[in-house]
Every structure is written in structure tokens, then in C-alpha cells.
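Step one of this worksheet: look at the structure below.
The values are calculated or read from the model by the stated rules, or taken from the named source; none is laboratory data. Only a predicted model underlies this, so the values are computations on that prediction, with no experimental measurement involved. Glycine also receives a Cβ, built like all others from the backbone with ideal geometry; neighbour counts cover every protein chain displayed.
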Amino acid sequence: MTTDPALDVYYDPYDLDIDDNPYPAWARMRVEAPLYYNEKYNFYALSRYDDVAPALPDWQTYRSGRGTTADMLFSGLEVPPGILLWEDPPIHDLHRRLLSRVFTPRRMLAVEDLVRGFCSRALDPLRDTDGFDFVVDLGAFMPMRTIGYLLGIPEEAQEHIRDITDKSINVGRREEGSADISMEIFAESMGAFAEYIEWRATHPSDDLMTELLNAEIEEEDGTRRRLDRNEVLAYTAMIAGAGNETTARLIGFMGRLLGDHPDQRHELVADPSLIPSAVEESLRIEPPSPVQARYVARDVEHHGHTVTEGSYMLLLNASANRDATRFTDPDRFDIHRKEGHLSFGQGIHFCLGSSLARLEARVAFEEVLKRWTDWDVDHANVRMGHTSSVRGPAQMPVRTR
């Protein structure tokens, strides 16, 4: 456990300079402080693959019900009901079964042509320019349009919804004693959807919002009931936020990685069937959701130290993805890599939208590589976004050639 300042290993989720590139700190933690303790914010962190992988599915020890981001967990605020990410069994299992019926393989298959069309709308006007931005011009557009269509949010309202979502998760440097999150932000985020849900209740369609309005949930005692409006509201806000942010950051990271590795980019041009492998390697080396916060529900032993019930634990899945005991040459981008990753989590909280994110990233780069085979990343103008739950570029400009 790191308590000795002489070790000089420091990780702070609120330090924006560290967040820009946390990998050097995490590499040292894996070697010098596999159970890290931050005295300033009173949290522990696990960074090695062999610690993180079994901890992610261990919901009996590591609970999500008090929040799964550091700012939410550390703030002590009461978690709003109806957010699947912030639930533990048995209520989590009931709600996940409901949403699994919404995210069906049939619906995901049907959405591919739609995603391709949104990519074309974003990219075609840029063909005669000397560059574009993978996040601003593509990542911020296509996922928003896709999830908006799936939910049933009118196109003219989708940018407003995305802006509200961005506001709800953006963070800055944390001041001593301050909370980065408030119930007002949650209220504004969910309130943005209320009028659409009420309108959809009397104008049903083939979309997720209509399905949620008509869905029945089975309670623990076996009785069944329809979701109330607040539950529909919470699920809608959760799906919209998760569906926008993570895929936008993934597309930005892939634009940078493929720009910086032209030989591998040219392999994808020659053989587009390799693009899914490039998506997986991008997810491994730069996961948009790199840290999972948990409340410790019972005493647990790690590296000769007892982490007591009531502690806060950060599970660093992005660090685990670069553990040299699991991955060969882990800091190297390699689209032919076969090892799996922890970027979508493990166990009951495995990302429900993983298949959609993979589809969107694959189609995006199929469409990009049809139009451009070469680009250079404008590193001087890359800008990282800083949010409580997602890490990734807010701007990823490139020069095409």
C-alpha cells in the first residue's frame, strides 16, 4: 500500500495533467504499489490485470450502488434511482433483463445501414478539404444521430441532448472539500427528455422510448408492472449519455492511432476485414471508460493489506489492459493482437451497448478508409476532454493527403 511519500508514486483522478496521460503513473503503480492508497481523497486503486479482472465481476465485494465514477462515489450524494450503472443485484438484474430485451441483436443488425448513412452525411462534405476532425466532424455527429434515432428523439433536438449530456459529466480540477456533481445536473439532464417521452406516449413508434414505455418489469415477489415515467426518463437519459460519449472518444482515439501507425492503416485499406481487430486493439490500448469506481462492501485482502468495508476502490481497467504479465509488449498498438481486454468490464456490469459501439466504430472506419487512405494527426491541436466517466479526445484534427 502506498502511504510512504518517499515512494513518489502518485495518481489523482482530478489532476487533468495526469488524466491527459495516466499510463506512466499506472505503470509505476503496477510495479511499486499494486494496492495504491491516495490519502488526499481517501481511496484505494488496483492496477494489475490479475487484480482488476476478478474484482470487476465481484459485485458482492465491490458495489456500484453508490456510484461508479470517482466524483459520484466520493461526494456521498444519494444516487438517483433507475440508473442501471449505479445498481446492485437483485434490482440490477431485474432492470438489466429489461434493457437486454431492448438492445436485441435484431435491432443492432438493422441499425448498420443507418450508421453508414450517418457517416456518409458527415464525411462526404469533407472530401475536397485538406483535413477534418475525427471527433468534431464524425465522433460527435454519428453516435448522437444513431442513439437519437434508436431512442426516438427528433433530429433537431439531438444536439441539445448531447450538450446537456456533456455538461453533466464534464469535470475540472477539484478544489479541497468541493463536490463536482450535483442533483441539479441530474435533474437538468433527465428533464431534457421529459417532453419527448410524454409526446411518444401518445405517438408510439418502433423505437427504444416506445419500448420502454410499454415494457413490464418483474418485481422480486414475481409481480409484474409497467415502468413509471421517472424510470423511463432515467433509462432514456442513461442510454443517451452512454451511447454518445464513449463511441465519440473511441473514434477519436482510433483516428490518432491509425494516423500514427501508417503501416497498419494501409493493412486495413488492403483488407477491411481487419477493421474489427483494429477496433478491439484501440479499445484495449485507449479505452474510453478507463476507471471503474466501487464501494467496498466487505473486508478484502490485497497484497498483504486489508481494505476495510466502507472504503472506496478504483478499478483501473485501462491500466490492466497494459499489464506486461498479460499482454506482450503492451504499450505497442498491434491490430493483429489476439489477447482480450477489460474495456467493456466484466460480469453483471459488462457494457450493455458494447455491440453497438463496436458496430459504429467498424462502420466509421470502413467509411473513412474508403475516402482517405492517408492522414497525419495535427498533434499540436489535439485536445483531451475531461469527464467523470469517460476519457478521450474532444478534438482530434488530421490533415488528409
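Which one of these is in contact with a strand residue (DSSP E or B) (Cβ under 9 Å, 6 or more places away or on another chain) and surrounded by fewer than 17 Cβ atoms within 10 Å (Cβ to Cβ): 226, 249, 265, 256? Walk me through it before giving the result.
Values: 249 fails: surrounded by fewer than 17 Cβ atoms within 10 Å (Cβ to Cβ); 265 fails: surrounded by fewer than 17 Cβ atoms within 10 Å (Cβ to Cβ); 256 fails: surrounded by fewer than 17 Cβ atoms within 10 Å (Cβ to Cβ).
Exactly one residue qualifies, and that residue is 226.
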Problem - Among residues of segment 199-223, those that are outside any loop (DSSP other than H, G, I, E, B), in contact (Cβ under 8 Å) with a residue 24 or more places away in the chain and surrounded by 13 or more Cβ atoms within 10 Å (Cβ to Cβ), counted - result: 7
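Would you check if residue 237 is in contact (Cβ under 8 Å) with a residue 24 or more places away in the chain, assigned to a helix (DSSP H, G or I) and out of contact with any Ser or Thr (no Cβ under 8 Å at 6 or more places or on another chain)? Steps first, please.
Numbers: in contact (Cβ under 8 Å) with a residue 24 or more places away in the chain: yes; assigned to a helix (DSSP H, G or I): yes; out of contact with any Ser or Thr (no Cβ under 8 Å at 6 or more places or on another chain): no.
No; evaluated as a whole, the condition is false for this residue.
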Practice task
Go through segment 122-145 residue by residue and tally those that are in a helix (DSSP H, G or I) and either surrounded by 12 or more Cβ atoms within 10 Å (Cβ to Cβ) or among the aromatic types (Phe, Trp, Tyr) (or both).
Solution key: 13
Handout entry: Residues located in segment 240-272, provided they are aliphatic (A, V, I, L, M) and without any contact (Cβ under 8 Å) to a residue 40 or more places away in the chain
Key = 270
Practice task
State all residues of segment 110-125 that are of a type in the set (A, V, I, L, M, F, W, C) and touching a residue at least 60 places away in the same chain (Cβ under 8 Å); if no residue qualifies, say none.
Solution key: 111, 115, 119, 123
Problem - Total residues in segment 371-396, condition crowded, with 17+ Cβ neighbours inside 10 Å, of a type in the set (Val, Ile, Thr) and modelled with pLDDT of 95 or more - result: 2
Practice task
With respect to residue 42, determine if the residue is surrounded by fewer than 17 Cβ atoms within 10 Å (Cβ to Cβ) and over 20 Å from the mean Cα position of the chain (by Cα).
Solution key: yes
Practice task
Being under 26 Å from residue 269 (Cα atoms), of a type outside the set (A, V, I, L, M) and assigned to a helix (DSSP H, G or I) is the filter here, so list the residues in segment 325-380 that pass it.
Solution key: 354, 355, 358, 360, 362, 365, 366, 367, 370, 371, 379
Fill in the blank from the handout: The one condition residue 54 fails out of (1) under 21 Å from the mean Cα position of the chain (by Cα); (2) assigned to a strand (DSSP E or B) is (2)
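Can you work out which of the residues in segment 289-324 that are part of a loop (DSSP other than H, G, I, E, B) and hydroxyl-bearing (Ser, Thr, Tyr) is surrounded by the most Cβ atoms within 10 Å (Cβ to Cβ)?
First pass over segment 289-324, keeping only residues part of a loop (DSSP other than H, G, I, E, B): 289-291, 297-299, 303-304, 308-311, 316, 321-324.
Applying the additional criterion that residues be hydroxyl-bearing (Ser, Thr, Tyr) yields 289, 308, 311.
Values: 289: 23, 308: 11, 311: 17.
For segment 289-324, the residue satisfying everything is 289.
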Exercise for the section: Quickly run through segment 96-118 and pick out the residues that are among the aliphatic types (A, V, I, L, M) and part of a helix (DSSP H, G or I). Expected result: 98, 99, 102, 108, 109, 110, 114, 115
Problem - Count - residues of segment 81-95 that are surrounded by fewer than 18 Cβ atoms within 10 Å (Cβ to Cβ) and in a loop (DSSP other than H, G, I, E, B) - result: 3
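Any residue at all in segment 163-182 that's outside any loop (DSSP other than H, G, I, E, B), loosely packed, with under 14 Cβ neighbours inside 10 Å and either at pLDDT 50 or above or polar (S, T, N, Q) (or both)?
Our first condition is that a residue be outside any loop (DSSP other than H, G, I, E, B); within segment 163-182, this holds for 163-170.
Filter once more, keeping what is loosely packed, with under 14 Cβ neighbours inside 10 Å: 163, 167.
If we keep only those that are either at pLDDT 50 or above or polar (S, T, N, Q) (or both) as well, we get 163, 167.
Yes, segment 163-182 has at least one match.
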Practice task
Answer yes or no: is there a residue in segment 358-374 that is closer than 30 Å to residue 86 by Cα, in contact with a His (Cβ under 9 Å, 6 or more places away or on another chain) and of a type in the set (A, V, I, L, M, F, W, C).
Solution key: no
Exercise for the section: Could you list all residues from segment 270-288 that are part of a loop (DSSP other than H, G, I, E, B) and closer than 15 Å to residue 366 by Cα? Expected result: 271
Problem - For residue 399: the one exception among (1) within 25 Å of residue 130 (Cβ to Cβ); (2) modelled with pLDDT under 95 - result: (2)
Handout entry: Residue list for segment 331-370, restricted to those being of a type in the set (Asp, Glu) and closer than 11 Å to residue 280 by Cα
Key = 334, 339
